[in-house]
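Following: one structure in structure tokens, then a few remarks.
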Amino acid sequence: MKLRSILGTTALVLAANAANADGKLSIYHWFEYIPQELIEKFETEHNVEVTMDTYDSNEAMLASLKAGTLGSYDVAVPGDYMVQIMANEGLLDTIAEGELSNFGNIESQWLDVAFDPGRKHSIPYQWGSTSFSVNRDMYAGDINTTSILFDPPAELAGKINMLDSQGEVMALASLHLGIPQCSNDRDQLKALDALLQTGKEKWASFGSDIAKDVLVSGDAAAGMIYNGFSAKARAEGANIEYAYPDEGYVVWMDNVVLLKDAPNRANAILFMDFLLEPENIAAVTNYAQYAAGVTGVSEFLDEALATMPENNPRDGSGAGAFVAVCDQATQEVYDQIWTRLRS
Amino acid sequence: MAAGTGSGKTISATFSPVRHWLLMPSWLVIGFFLLIPVVLMLIYSFLTKEFRGGVIWDFSLAAYDQFIFDRGLFGDDPPRIEWAYISIFLRSIGQAMGATVLCLLIGFPTAYFIATRPAKTRAIWLFLVTIPYWVNLLIRTVSMKFLIRDNGPLNEAMLGLGLIDAPLQLINTNFAVQLGLFYSYLPFMVLPIYASVERYNFAFSEAAADLYAPKWTILRRIVLPIVKPGIIAGCILVFVPSLGAFLAPDLLGGAKTFMIGSLIEEQFKGNAGNWPFGAAASMILLSMVLIVLMFYARAQSRDQT
Amino acid sequence: MTRPFDIRHYRGFFAVTCACLVILYAPLIIVMIYSFNDSASITNWGGVSLRWYVDVFTGPDSEKFKLAAWNSLSIAVMAATVSTTIATAAAIGMIRGGQFKGKSASFALISLPIMVPEIVTAVATLIFFSTIGFKLGTLSILVAHIVFCIPFAYLPISARLQGIEASFEEAAQDLYASRWATFRYVLMPIMGPGILSGFLLAFIISLDDFIITNFIKGAGVETLPTAIFGSVKQGIKPNIMALSTLLLMFSICLVTLSYFIGKRGEANPPPQT
């Protein structure tokens, strides 16, 4: 036993030394999305010093990387469509075959995904849904419709927080109108623009990082939010209900990607392998309350997660849809609509 | 700034043989790290935007075109005047002017009152007004946000006193932004006015009073014109930073109503990713500020002659 | 009441002054009070306690805040030192350099960082660093802080220097003192209070900056304002109120210090000949 632990430690030290000389890892991550203890565990296991910066939307992360921070970070955690965009932009490094020893732990349904065929740049982190939650003290009516956001009842008007996330807001608005994402039909785009312009009148604020707090503090009576974040808000005392609307909702998967020009590439690989261990990624799931894309996590998960209303779409709700990646011409119209919305 | 101007002019040339060496570091540092960047920003505003952030080094007027003209969602409508950005600028100017007027209304009487205290208590009053200026602006804005929340202390207090029946919606409104700007820059108004009033010779007021001029007339016709430079300096110190403010609209306005600062930030840090447009908006803001400052400089040199 | 005595005073001005102080202090004092709130909710009062102060130093965010505080302090000390040195040299060059061509242009250049709105400086600096490929990090923050601190250090220093008569230096030069010796042993001691208030002003301005730092900070580098902003975006938490109160106290100490330096400066005005 003793010998084994000595050997184990030696192997670890050797691995850490062989892997990287200066023992650092720089993570660019969403806010409030990884438990501090897990980072500390990685630091002690691999003798690596971790620094982490946070962002609050896929688009903001992309903007920051393109504004000069590429080459400073090793890994980032973009959502599905953003992985595809970043790969197209050449911001991602390729993970060689066999480089990740825990690659086999990825659940088969998340292995060959459309946004990263063959998982060349990314591994699954968490997946979940985006719709909205309503404070049941403020509004008792039917909430299974996206009208709650885009054509709200009087009780909620002026008390709604929207996520500051272009991709998800536009996708949900498209679902509300029943039009396809990345539509290039002019009438549909005009209707989308009009919907957001009238909706804006009824919204109090835009913000992703504030989404939970405004519901807990009562500053907002309803808010667009991610399912796990809503569960955390409920756990913090907000009497809110997360909706799976008839029109459908947004499904997403966040992924750990290997960034181009990563200063500590070897440690980034170690970190990705670390997050593919069921016990470790389960700790993230227990903290963030979404779902992992790794096999064998169930024994490490809190029991409450399985039955949580936020994690279980009700019968008869609309289908979930990923945010689509549009071509440049169409995207520029969408950008224009978003700019008009926000200015 | 407490300028101890001492007695008379002290023009001296003791160090004139080495003055270039003495001035060189400031020229180099500011020239290299601010003047060149501003020129570069001007160049960027005439470049072509790269899809999803960054620039392509091709000359283009697209950024200014986008600012002024609305060519519809698809870019092929006949151009009309685009009001979205102009109204952001007008709104920002309005907010900044509102903040300046509010600051002046509160700041002038305060500065005058302090300047007319006896020397001993004057220092204490001044000290009290100065402290908030030294406190981190972010902390002051956050404190204001906390105070005016829907369930915050201000609403609770007013409910408790029976002044209102339901909590006032203050946060995430234009009024909150206005209040935040006013609160942020109030000390900037008090200090220069104080400096002017302190130097004011009250013999003028006394002479006017001897001629039976009513008190408020003395204030309006004699004191105000003489301390005008201090008032103008205070107005500029409030107006200019209010115009490009970022924290107040972001934290108090719910990031919903854009002001110039948030519009520019969005181009570099947010969803928009349009660098040339951000550079153009910055250039327009900078030109507006420089125009205000030029008027100020002209007014000042006129006053001195 | 006789007129000449009364003429300085206007009814209502005292009330406005009190209102002004209430406005300036109410939010700060309220946050200070709530920082002692025992409850984890920011709305309800749960009794007096110091738990959030303990949390600032030992809680889950404490490492982040300590690192940010260290970054903020070290950047502020370095930026203030460098900018005060540059500003002192510039002030002597401007005020003791006689009349020369480009004097007003020099003054305009030195005051440029005050005149350009902060957000514009931030954008220009970001574009500049990105174009020349300067890696964003602590160094980029330091450089930007040095630039915008220069005019803030310059103003009090030059104001003090303007009040000093030239006879002292001329006397020293008549006695064959070198220019350096003249500065070191004659000018600098008299300029002292001005240099110190310039340093303090630059220090607090650097410590205070959010907009520019937020634009150009690199990976893993946070200063206190950016760390607090990041935290506050997710809602005002009691530990932020405790941290704010600590910073408030720190600012009050600094301003008191500068007040007494100012007093000493008044007590020892530039000597007259």
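Need the full-extension length gain, B:Asp76 to B:Leu35, defined as separation in residues times 0.36 nm minus the C-alpha distance. One decimal, nm. Present the calculation step by step, with values, prior to reporting the outcome.
On the way: separation 41, 0.36 × 41 = 14.76 nm, distance 3.77 nm.
11.0 nm is the gain from fully extending B:Asp76 to B:Leu35.
With a Förster radius of 45 Å, plug the Cβ-Cβ distance of A:Ala157 and B:Phe127 into 1/(1 + (r/R0)^6) and report the FRET value to the nearest 0.05.
Numbers: r = 48 Å, r/R0 = 1.06.
Rounded to the nearest 0.05, the efficiency is 0.40.
Work through the residues other than B:Trp275 whose Cβ is under 12 Å from its Cβ and net out their charges, Lys, Arg +1 and Asp, Glu -1.
On the way: positive: A:Lys66, B:Lys49, B:Arg52, B:Lys269; negative: B:Glu50, B:Glu266.
Combined, the nearby Lys, Arg, Asp and Glu give +2.
Within chain C, what's the longest stretch lacking chymotrypsin sites (Phe, Trp or Tyr not before Pro) that sit in DSSP loops with no more than 15 other Cβ atoms inside 10 Å? Kindly include the intermediate steps, with their values, before the conclusion.
Details: sites that count: C:Trp45, C:Phe100, C:Tyr176.
Segment C:177-273 is the longest.
Roughly what would the spin-label model give for B:Ser87 and C:Ala177, points 7 Å off Cα along C-beta, in nm?
Taking the simple label geometry, B:Ser87 and C:Ala177 are separated by 6.6 nm.
For q values of 0.13 Å⁻¹, compute log₁₀ I(q)/I(0) with the Debye formula on a Cα-only model of region A:115-254, without solvent.
-0.55
Any idea how far apart B:Asn201 and B:Ile56 come out in nm if each label point goes 7 Å out from Cα toward Cβ?
6.8 nm
Tally Lys/Arg at +1 and Asp/Glu at -1 over every other residue whose Cβ is under 9 Å from the Cβ of A:Arg234; what's the total?
-2
Over all directions, how big on average is the projection of the convex hull of the alpha-carbon atoms in region C:14-137, in square nanometres? Don't jump to the answer; show the numbers that get you there.
Values: hull surface 58.1 nm².
Average projection, Cα convex hull of region C:14-137: 14.5 nm².
So, in Å, what gap is there between the alpha-carbon centers of region B:121-177 and region A:302-336?
40 Å
Hey, any idea what the orientation-averaged projected area of the convex hull of chain B's Cα atoms comes to, in nm²? Provide the component values of the computation, followed by the final result.
Details: hull surface 96.4 nm².
Computing the convex hull of the Cα atoms and averaging its projections yields 24.1 nm².
Rg and Dmax in Å for region A:58-107, alpha carbons only: what are they?
When restricted to Cα atoms, region A:58-107 yields Rg and Dmax of 12.5, 35 Å.
Return the sequence-ordered ³J(HN,Hα) values of region C:44-58 in whole Hz as given by the Karplus equation 6.51 cos²θ - 1.76 cosθ + 1.60 applied to θ = phi - 60°, using x for Gly and Pro.
Per-residue couplings from phi come out as 9, 8, x, x, 7, 7, 9, 4, 6, 6, 4, 4, 4, 8, 10 Hz.
Loop sites only, by DSSP: take the trypsin sites (Lys or Arg not before Pro) in chain C that have at most 11 other C-beta atoms within 10 Å and name the longest stretch containing none of them. Write out the running numbers ahead of the final one.
Details: sites that count: C:Arg11, C:Lys101.
The segment C:102-273 is the longest one with no such site.
Would you mind giving the three semi-axes, in whole Å and largest first, of the ellipsoid equivalent to chain C according to its Cα gyration tensor? It would help to have the intermediate numbers written out before the result.
On the way: eigenvalues 305, 167, 65 Å².
In descending order the semi-axes read 39, 29, 18 Å.
Mean shadow of region B:88-267, computed from the convex hull of its alpha carbons, in nm²?
Quarter of the Cα hull surface area: 12.6 nm².
Which trypsin sites (Lys or Arg not before Pro) does region A:126-211 hold that lie in a coil by DSSP with at most 14 other beta carbons within 10 Å? Present the calculation step by step, with values, prior to reporting the outcome.
Numbers: sites: A:Arg136, A:Lys159, A:Arg186, A:Lys190, A:Lys200, A:Lys202; in loops: A:Arg136, A:Lys159, A:Lys202.
Hits after loop and neighbour filter: A:Arg136.
Considering only DSSP beta bridges whose two residues both sit in the protein assembly as shown, what percent are antiparallel, to the nearest 5? Could you put the intermediate results ahead of the total?
Values: 30 of 46 bridges.
Taking every DSSP beta bridge within the protein assembly as shown, about 65 percent pair in antiparallel fashion.
Round to a whole angstrom and tell me the spacing of the C-alpha centers of region C:226-257 and region C:122-138.
Region C:226-257 and region C:122-138 have Cα centres separated by 28 Å.
Please report Rg over Rh for chain A, where both radii come from the alpha carbon positions and Rh follows the Kirkwood definition.
Numbers: Rg = 20.9 Å, Rh = 21.1 Å.
Looking at chain A, the ratio lands at 0.99.
Given a Förster distance of 60 angstrom, what is the FRET efficiency for C:Met188 paired with A:Gln188, based on the Cβ-Cβ distance and rounded to 0.05?
Details: r = 73 Å, r/R0 = 1.21.
Computed FRET efficiency for C:Met188 and A:Gln188 comes out at 0.25.
Which value results for Rg/Rh of region A:223-343 when Rg is the Cα radius of gyration and Rh the Kirkwood radius based on the inverse mean 1/r?
Numbers: Rg = 18.1 Å, Rh = 17.4 Å.
Answer for region A:223-343: 1.04.
So if a site counts as exposed when it's one of the trypsin sites (Lys or Arg not before Pro), its DSSP state isn't H, G, I, E or B, and it has at most 16 other Cβ atoms within 10 Å, what's the longest stretch of chain B without one?
Numbers: sites that count: B:Lys9, B:Arg71.
Here the longest run is B:72-305.
Enumerate the whole-percent occupancy of each 10 Å bin, from 0 to the last occupied one, for all C-alpha pair distances of the protein assembly as shown.
Pair shares across the bins are 2, 11, 20, 23, 20, 13, 7, 3, 1, 0, 0.
Which one, A:Ala304, A:Tyr334, A:Ser317, projects farthest toward the positive side of the charge dipole computed for region A:302-343 from Cβ point charges (K/R +1, D/E -1)?
The residue sitting farthest along the positive end of the dipole is A:Tyr334.
At 7 Å along Cα-to-Cβ for each site, give me the label-to-label distance between C:Thr58 and B:Asp65 in nm.
My value for the distance between the label points is 6.4 nm.
Bear in mind these aren't lab numbers, they're just calculated from the coordinates by the rules spelled out. The shown structure was predicted, so the numbers you read here are calculated from the model rather than taken from an experiment. Glycine also receives a Cβ, built like all others from the backbone with ideal geometry; neighbour counts cover every protein chain displayed.
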